[in-house]
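The values are calculated or read from the model by the stated rules, or taken from the named source; none is laboratory data. What you are looking at is a predicted structure, and each value in this text was computed from that prediction instead of being measured. When we count neighbours, we look across all protein chains shown, and the Cβ atoms used for this are built from the backbone with ideal geometry, even at glycine. Heads up: the accessible areas ignore ligands, DNA and RNA and are worked out on the full protein's heavy atoms, side chains in. Shrake-Rupley method; radii C 1.70, N 1.55, O 1.52, S 1.80 Å.
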Amino acid sequence: MTPDALAALHARCFTTPRPWSAAEFADLLASRFCFLLTAPEGFLLGRVIAGEAELLTLAVDPDARRRGTGRRLMADFLRGATDRAADSAFLEVAEDNLPARALYAATGWQPAGRRRAYYRTPGGNHVDALVLRHALVPPGN
């Protein structure tokens, strides 16, 4: 997927946090630490630095949700992070994003913290970010 296609799908999926621009995606994809996983209906962008993985964003087309795409991308992310020598992973999710929180809980993510008023809604309100962690098993263990 091109940065323009990533930005277009991200805009269909998010208002909080705000959608990312094509330039922001291009900058992230230029980093040697980032990796992109794609599916016909979505994508996941992650990175691994110093043994820790971060799930930066996961977007599934609203018309294609609840068909397993998010779970497949998540499984690929956890595998990819482990292959890149990460021993743990983290992410931030808007507290009011209940579908994403359900996916993360179902795939083994655990609460690790809260960032108060981290996101701003289009209306100017603030939403807390929940920080979630996932332990990873290194290859061969």
Exercise for the section: Specify the residue that is most open to solvent (accessible area, probe 1.4 Å); the eligible residues are those in the stretch 87-106 that are more than 18 Å from ALA75 (Cα to Cα) and in contact with a strand residue (DSSP E or B) (Cβ under 6 Å, 6 or more places away or on another chain). Expected result: ASP96
Problem - Near pairs, Cβ below 6 angstrom, 6+ apart or cross-chain, from the stretch 94-121 (under 20 Å from LEU44 (Cβ atoms)) to any residue that is charged (D, E, K, R) and surrounded by 14 or more Cβ atoms within 10 Å (Cβ to Cβ) - result: GLN110/ARG133; ALA112/ARG133
Completion exercise
Here the residues within the stretch 14-41 that are at pLDDT 95 or above and of a type in the set (Ser, Thr, Tyr) are SER21, SER31, THR38
Handout entry: Criterion violated by ARG114 - all others in (1) basic (Lys, Arg); (2) part of a helix (DSSP H, G or I); (3) over 25 Å from ARG72 (Cβ atoms) satisfied
Key = (2)
Completion exercise
Restricting attention to the stretch 33-80, the residues that are within 16 Å of LEU103 (Cβ to Cβ), part of a strand (DSSP E or B) and either among the charged types (D, E, K, R) or open to solvent by 40 Å² or more (accessible area, probe 1.4 Å) (or both) number exactly 0
Exercise for the section: Considering every residue within the stretch 92-101, establish whether at least one is closer than 14 Å to CYS34 by Cα and assigned to a loop (DSSP other than H, G, I, E, B). Expected result: no
Exercise for the section: Search the stretch 6-27 for residues being open to solvent by less than 40 Å² (accessible area, probe 1.4 Å) and assigned to a helix (DSSP H, G or I), and hand back the single one that is nearest to GLY123 (Cα to Cα). Expected result: CYS13
Handout entry: Residues that are over 20 Å from GLY70 (Cβ atoms) and either part of a loop (DSSP other than H, G, I, E, B) or in contact with a Phe, Trp or Tyr (Cβ under 8 Å, 6 or more places away or on another chain) (or both), drawn from the stretch 117-130
Key = THR121, PRO122, GLY123, GLY124, ASN125, HIS126, VAL127, ASP128
Fill in the blank from the handout: Those residues of the stretch 116-133 that are open to solvent by 30 Å² or more (accessible area, probe 1.4 Å) and touching a helix residue (DSSP H, G or I) at 6+ places or on another chain (Cβ under 8 Å) come to a total of 0
